[in-house]
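Please read the structure below before turning to the comments.
The values are calculated or read from the model by the stated rules, or taken from the named source; none is laboratory data. Treat the numbers as computed from the prediction; the structure is a model and nothing was measured. With ideal geometry, Cβ positions are generated from the backbone for all residues, glycine too; neighbour counts draw on all protein chains shown.
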Amino acid sequence: MEEILIELHVSKKIHTNNGIEVLDVNLKIPKYGLVTLFGKSGVGKTTLLRIIAGLTQPDGGFITVGNEIWYDSIKKINIKPQQRNIGFVFQDYALFPNMTVKEHLLYARPQKETGYISELLDIFHLKGLCNRKPGKLSGGQQQRLAVARALARKPQILLLDEPLSALDSETRNVLQYEIIQAHKNFQATTLLVSHDVNEVLKLSDFVYVIENGKIQKQGKPNDIFDNTKIKTDIQLTGIVLDIQNNTLTVSVDDTITKIITTMDEI
């Protein structure tokens, strides 16, 4: 049975396109898992990350991480953000314009563990860019730096707020692979916010679907998005997201398709 690291049940009034709504969410996140909060823009996904990070205070409820209480409205506990062992990657990257790539990582990891910093630079293909400042980096390179900086703290929990939404599809695919590798190598429990089905299927172990302030669905990504089966001979051009037994999960023009394959004996 998976060990649960994060357990929370929080409520928060939020402003949506339909007016004020109550976000009332109950989550359990396994240790070392990569879990996605999925849903349309404005449903409260980012608010939930900010609540976990301590940047937004909920109206009530609790958050426990391991054996530690981070927030409890009844017990009047709310530990400060800097006391929560998290790394947060924001949508706008939040990089320091006057710091080089290497200075960003050394600032996040003041112990100056050069071996660890070097490993981050390698995984995110930043080693040749150490002396560049953010203004001299592409969007993809800036996002690599933002994720590497978050991991430089050696966080217990990594929070990713739609980290790849502003990137082109080619760059996004490369960074998705790098995030998977970093997640495996550094073993941070990762919580991803996304409204991109392709991304969820490619990255996630488990997904929570948020709608109307509540968790409407939860489960493995393939189970949540398993709506289409192909039973005839057709030609498709797309990206293979997952292969399990004789079933391919393919993205075709941003539509997720299941293809059941067969092989004739020769």
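Residue pairs whose Cβ atoms lie under 9 Å apart, separated by 6 or more positions or on different chains, with the first residue in the range 199-210 and farther than 15 Å from Lys45 by Cβ and the second of a type in the set (Asp, Glu), are Leu201/Asp242; Lys202/Asp242.
With respect to Lys28, is the statement that it is among the basic types (Lys, Arg) and not in a strand (DSSP E or B) true? Write out each step before concluding.
Working: among the basic types (Lys, Arg): yes; not in a strand (DSSP E or B): no.
No, not satisfied.
Residue check, Glu162 against (1) at negative phi; (2) in contact with a helix residue (DSSP H, G or I) (Cβ under 9 Å, 6 or more places away or on another chain), all met but one. Which one? Unmet for Glu162, out of (1) at negative phi; (2) in contact with a helix residue (DSSP H, G or I) (Cβ under 9 Å, 6 or more places away or on another chain): (1).
With respect to (1) under 30 Å from Asp24 (Cα atoms); (2) at pLDDT below 90; (3) not hydrophobic (A, V, I, L, M, F, W, C), the lone exception for Ser251 is condition (1). Report yes if Ile63 is surrounded by fewer than 18 Cβ atoms within 10 Å (Cβ to Cβ), modelled with pLDDT of 95 or more, aliphatic (A, V, I, L, M) and part of a strand (DSSP E or B), otherwise no. When the stated conditions are applied, Ile63 does not pass them. Considering the range 84-126, the residues that are small (Gly, Ala, Ser) and either out of contact with any helix residue (DSSP H, G or I) (no Cβ under 8 Å at 6 or more places or on another chain) or exposed (fewer than 15 other Cβ atoms within 10 Å of the Cβ) (or both) include one that is modelled with the highest pLDDT, namely Ser118.
For the range 206-237, the candidate set comprises residues that are part of a loop (DSSP other than H, G, I, E, B), loosely packed, with under 15 Cβ neighbours inside 10 Å and of a type in the set (A, V, I, L, M, F, W, C); within that set, the residue that is modelled with the lowest pLDDT is Ile234.
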